[in-house]
Amino acid sequence: MLSRALDRMDDVVYCPRCDTVSVADSDGCAQCPKCLYAFCAECSDSWHPGSACLNLEEVRECLRGGVTVEAVIGAGRLGQLEGLVSAAVYRML
């Protein structure tokens, strides 16, 4: 019952690392109270203020086409891509 109530709340998200209930602020940033991971409520990537969310599938398609990672996302956002990939790998564990 509690789980259904939480799922209906717009500002409640689940931590992509440990699946703990977290609350997103008005900027879309959430911080897990258990593992303290700060993440984007939209894409579950590490918090990236001022940068659009990366779509892992779009990045993958570009890379299959022979485009470099730097060209796809910009050299300054490599850390964000690493966070996205590590979060995806973490969820698979």
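The values are calculated or read from the model by the stated rules, or taken from the named source; none is laboratory data. Computed from a predicted structure; not experimentally measured. Methodologically, a virtual Cβ is constructed for each residue, glycine included, from the backbone with ideal geometry; neighbour enumeration extends over all protein chains shown. Please note that ligands, DNA and RNA were not included when accessible areas were found on the heavy atoms of the full protein model with its side chains. Shrake-Rupley method; radii C 1.70, N 1.55, O 1.52, S 1.80 Å.
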Among residues of region 9-26 being aliphatic (A, V, I, L, M) and over 13 Å from residue 42 (Cβ atoms), the residue surrounded by the most Cβ atoms within 10 Å (Cβ to Cβ) is 21
If I go through region 32-59 residue by residue, how many of them are of a type outside the set (Phe, Trp, Tyr), at pLDDT 75 or above and open to solvent by 50 Å² or more (accessible area, probe 1.4 Å)?
10
